[in-house]
Amino acid sequence: MLTAQFLLLGAVLFCIGVYGVLARKNAVMVLMSIELILNSVNINLLAFSVRHGSVDGNTFALYIIAIAAAEVGVGLALVLLIYRNRRTIALDDLSEMKG
Amino acid sequence: MLAQMNSEVMSSGWFLDHAFLIPIIPAVTFVLIIFFGKKLPMKGSELGVLSMLTSLALAGGAAWQWIQRVNSVVDGAHEAVAEGAHHVAPYVSPVIHEWTWWQSGGFHFGIGQHIDGLALTLLVVVAFISSLVQIYSLEYLRGDRRYTHFFAALTLFSAGMLCMVLAPNMVQLILGWEIMGLCSFMLIGHWWEEEANSRAALKAFFTVRVGDMGLLIGTAILFFSANSWTQKNLGVSGFNISGLSAWAMSGQASHSALTWGAVALFIACIGKSGQFPLHTWLPDAMAGPTPVSSLLHSSTMVVAGVFLVARVYPVFWEGMKIGDTNINFIVLIGGITIVVAALLAFVQHDIKKVLAYSTVSQLGYMMMGLGAGAWLPAVFHIFTHAFFKACLFLSAGSVSHSGSHHSFDMKKDMGGLAKKMPITAATWIISTLALAGVFPLAGFFSKDEIIDNVGHNGYNAFMIVGLSGAFLTAAYMTRATYLTFFGKARGAAAGEHHDEHDAHADAHDSHDAPAAHDAHDSHDTHGAHDAAHGPHESPKLITIPLMILAALALVAGLSNATPFGENWERFKKYVEPSAAYVAIDGTVASGPGEAVVVTQQNVSSEEAVAEEGCAVVAPEAGMACYFPTIHHAPFKWSKAALSLIIVAFGLLSSWMFCVQYYTRRNKRLVGLTERSKVLRGGYTFLWNKYYLDALYEKVIVRSIAHPIAAAAYWVNQNILDGIVNGVGKVSRRVAGWVYRNIDQRVVDGAVNGSGAAARGTGGALRPVQSGKVNQYGALLFAAAAIGALILVIINT
């Protein structure tokens with residue numbers, strides 16, 4: 001069974017995504033990394049769905065795809081507004097705390 | 001023997017079966033007006049008027065078919081009954097359709113229609129008055145800044161009332177009830193830019209809400225006590241109105257449940273129908289535009305409470321023991337309301353407030369009638385009152401629109417308008433006479449019947465209350481008529497202009513001479529057409545509805561004219577439910593979207609049972625009653641003459657007084673309230689509306705809301721400090737050492753300790769809140785990883 005491989009792929013994608021979220025400074029890159037994380041979850045869901053022979057996982061994956069699309073729409077809108085106001089999308093520069 | 005009367009024999013028809021469309025049409029129109037109204041040539045008002053006219057046509061069709069239905073049953077029964085035999089009118093089953101609206105935890109909540117004489121009476125009246133009011137508003141609110149919204153709210157308001165009127169169960173009734181509550185808030189506060197108006201809207205909303213608690217509680221009480229009985233015997237839920245009626249009449253109902261359910265429901269009616277002591281919102285609701293007042297106070301909103309009592313009458317009949325002649329809650333409240341409100345109407349300067357108190361007083365009549373077993377006259381009074389009260393309000397609006405420069409102050413801005421506005425004056429006077437109960441106008445046939453029947457049913461004290469109410473009604477309406485249409489023209493009615501900031505005449509009877517109001521044109525906010533030529537008659541869009549209503553105020557009473565014999569008593573034949581025993585034929589279970597049909601048959605039971613009717617003995621198994629046997633007072637001219645003399649005396653004495661007081665300025669009368677301590681005390685008491693508003697706002701609201709706010713503040717501030725203070729106060733009194741040792745060291749230590757702890761924790765956690773997104777992300781993932789780890793450990 002290929003489940004293990006699928007799960008492995010999911011895990012690898014997830015780790016890449018986490019790395020991207022943590023290490024990247026560019027807001028767009030962070031958003032893309034989040035997409036990677038969500039897709040790794042999709043792969044997990046589909047893997048288990050195939051394994052158990054039910055369509056529940058597929059259904060959830062579809063939901064996640066739809067939500068991811070909405071989320072990235074909102075995220076990009078935020079990035080665009082930040083860029084308009086600050087002329088930068090480097091996340092480190094956004095902090096207004098004193099530290 | 002009564003004839004076997006199958007439900008197939010009862011003629012039905014398209015209009016009867018589709019009566020549920022009557023509220024749906026205006027409800028849909030509301031949505032259309034909101035979304036598309038502003039783009040239409042008449043700003044959405046045409047949709048509102050059209051929808052009300054359609055509803056009126058449907059209601060009229062349904063009423064016509066109902067008459068056919070009753071005729072087919074009653075005439076059939078007459079053939080079978082031996083001539084001269086006393087019998088109970090055969091049962092005409094109402095046209096009930098119910099669909100499952102939603103279901104939750106095994107409870108089905110239905111929506112549908114329950115069409116019988118009572119529902120149809122109200123449907124026709126509401127649709128009719130709403131149509132006329134909307135037509136009137138076309139002119140009255142022309143150029144208003146929220147014209148479209150006004151028509152939308154007005155349409156939804158009518159939809160709410162219509163929805164409530166044909167409700168087959170309590171849930172739909174509450175739905176319509178609440179829609180009306182919301183819309184009344186929107187309409188009373190239509191001109192919310194002025195603070196007084198939005199305050200009045202809030203007051204109306206909150207006062208009614210106080211009563212609405214009773215509606216929910218009463219419905220819940222009745223549902224939980226009736227549900228098993230109705231499910232078993234009729235196959236309907238405990239919300240069902242005919243189910244509740246049958247349950248209340250079955251003799252198997254728990255008496256305490258009935259009593260408390262009825263009391264709770266009646267509290268809701270007190271709030272909605274402006275009964276004492278929750279009537280205070282009603283006069284303030286005059287802040288809304290006049291068409292709104294007219295609609296609110298004639299056929300909708302305030303009538304809802306009366307309608308509720310009439311609708312589930314068996315519950316009140318059994319719960320309040322109306323059949324006995326002891327004083328019960330309803331008749332007491334009704335009686336108090338009649339007198340209390342009528343007295344208040346004497347001290348008002350605002351023409352609309354006189355009418356508002358008059359409405360409260362008339363609602364008191366209806367309640368008193370219902371409480372004393374005079375069901376039919378009370379319902380008939382709803383019918384006639386709707387016409388003449390709507391007419392009075394619209395006349396007052398017409399006066400302010402074209403006669404008094406948008407003022408409603410009778411003392412300052414009116415007088416002598418009869419010559420300038422002949423049509424308005426004529427309609428007003430006709431309606432005034434109808435309201436006072438002058439033969440043969442509408443009010444005579446309904447109000448006199450209430451008084452007569454109240455006495456006939458053994459409530460003699462309340463008959464006297466009713467008669468004195470009739471005197472007061474005649475007197476205060478004469479005063480208002482005189483001040484508005486006769487005597488010398490004052491203020492705006494004399495063509496003077498004054499602005500809003502003009503010093504208001506003293507809140508006292510002996511007001512300044514009219515000449516004291518300076519005429520000044522500088523602050524004229526209205527269109528030039530108003531200012532240019534003083535008081536004049538209103539345009540046709542206003543006068544035609546007035547004339548229609550006045551005509552009905554003249555003749556509506558003839559639809560149940562008891563003095564002229566049984567053939568004239570059409571309301572008794574078509575509206576009053578029969579008290580006959582009905583065999584329960586069986587029920588069809590309801591699935592989602594499936595109509596529940598409760599078919600019933602008239603029974604060919606023993607003569608004895610059929611002759612007695614319900615409420616004498618409890619119905620046997622397999623039979624049900626839907627209405628108690630109520631007695632009708634035989635009409636006597638002697639009794640009618642007594643009340644007519646009282647009314648005439650009221651009219652004349654008040655007229656004489658007004659002429660003496662306002663025109664000749666009789667030295668003995670003018671300033672009487674200043675000279676006599678007793679009279680002045682009475683006047684001040686009335687002027688302050690029995691101090692009820694002060695009681696509610698200063699005492700009750702303050703004593704409840706204030707402590708809550710204070711307590712919340714106190715707790716929020718910091719509980720520990722509160723404890724410190726509390727302990728400190730006690731300890732200071734008891735002994736100093738407690739204060740020093742325990743308070744200072746332990747509790748204050750705790751305070752300081754907690755403060756220090758909070759500060760320390762805050763300091764420790766501060767680096768975490770770096771404001772860097774990546775760091776937050778790292779924390780998130782770390783937490784998730786730890787969570788996953790724990791999950792793995794637990795599961796293995």
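Here, each number is a calculation from the coordinates, and none is a lab measurement. Just so we're clear, the structure is a prediction, and the values are computed from it rather than from any experiment. Cβ placement follows ideal geometry from the backbone for every residue including glycine, while neighbour counts extend to all protein chains displayed.
Using modelled backbone amide H atoms (1.01 Å from N, in-plane), which distant-in-sequence or interchain residues come within less than 5 Å of B:MET623's amide H?
So B:MET623 has HN proximity to B:ILE584.
What whole-number distance in Å separates the alpha-carbon centres of the stretch B:306-363 and the stretch A:22-81?
Value for the Cα centre distance between the two parts: 65 Å.
Give a residue-ordered list of calculated ³J(HN,Hα) values for the stretch A:50-60 (Karplus: 6.51 cos²θ - 1.76 cosθ + 1.60, θ = phi - 60°; whole Hz; x for Gly, Pro).
3J(HN,Hα) across the stretch A:50-60, in whole Hz: 5, 5, 8, x, 10, 9, 4, x, 4, 4, 5.
Among A:ASN85, A:LEU22, A:ASN58, which residue has its Cα positioned farthest towards the positive end of the charge dipole of the stretch A:3-91, with +1 placed on the Cβ of Lys and Arg, -1 on the Cβ of Asp and Glu, and the dipole taken about the Cα centre?
A:ASN85
Under 5 Å between amide hydrogens, which residues at least 5 positions from B:GLY110 or on another chain qualify, with H placed 1.01 Å from N in the peptide plane?
B:TRP101
Given B:LYS38/B:LYS389; B:LYS203/B:LYS411; B:LYS272/B:LYS352; B:LYS389/B:LYS447; B:LYS419/B:LYS488, which pairs have Cα atoms separated by over 23 Å?
Over 23 Å apart, Cα to Cα: B:LYS38/B:LYS389; B:LYS203/B:LYS411.
Roughly how big is the stretch A:3-91's charge dipole about its Cα centre, with Cβ charges of +1 (Lys, Arg) and -1 (Asp, Glu), in debye to the nearest 20?
460 debye
So how do B:PHE185, B:PHE627, B:PHE380, B:PHE307 line up by other beta-carbon neighbours within 10 Å, fewest first?
On the way: B:PHE185 21, B:PHE627 24, B:PHE380 31, B:PHE307 28.
Ordered by Cβ neighbours within 10 Å, fewest first: B:PHE185, B:PHE627, B:PHE307, B:PHE380.
What is the sum of charges around A:GLY75, taking Lys and Arg as +1, Asp and Glu as -1, for the other residues whose C-beta is under 14 Å from the C-beta of A:GLY75?
That sum, taken over residues with Cβ under 14 Å, equals -1.
Sequence-distant or interchain residues sharing an amide H contact under 5 Å with B:ILE96, placed H: which?
B:ILE115
Taking the beta-carbon count within 10 Å as an exposure proxy, list B:MET368, B:MET180 from fewest neighbours to most.
Details: B:MET368 30, B:MET180 26.
Sorted ascending by nearby Cβ count, the order is B:MET180, B:MET368.
B:GLY777: net charge of surrounding residues, Cβ under 13 Å, Lys/Arg +1, Asp/Glu -1, itself excluded? Don't skip to the end; give the middle numbers.
Numbers: positive: A:ARG24, A:LYS25, B:LYS772; negative: A:ASP92.
Taking every Cβ under 13 Å from that of B:GLY777, the sum is +2.
Please report the net charge: other residues with Cβ closer than 9 Å to the Cβ of A:ASP92, K and R +1, D and E -1.
Neighbour charge sum, excluding A:ASP92 itself: +1.
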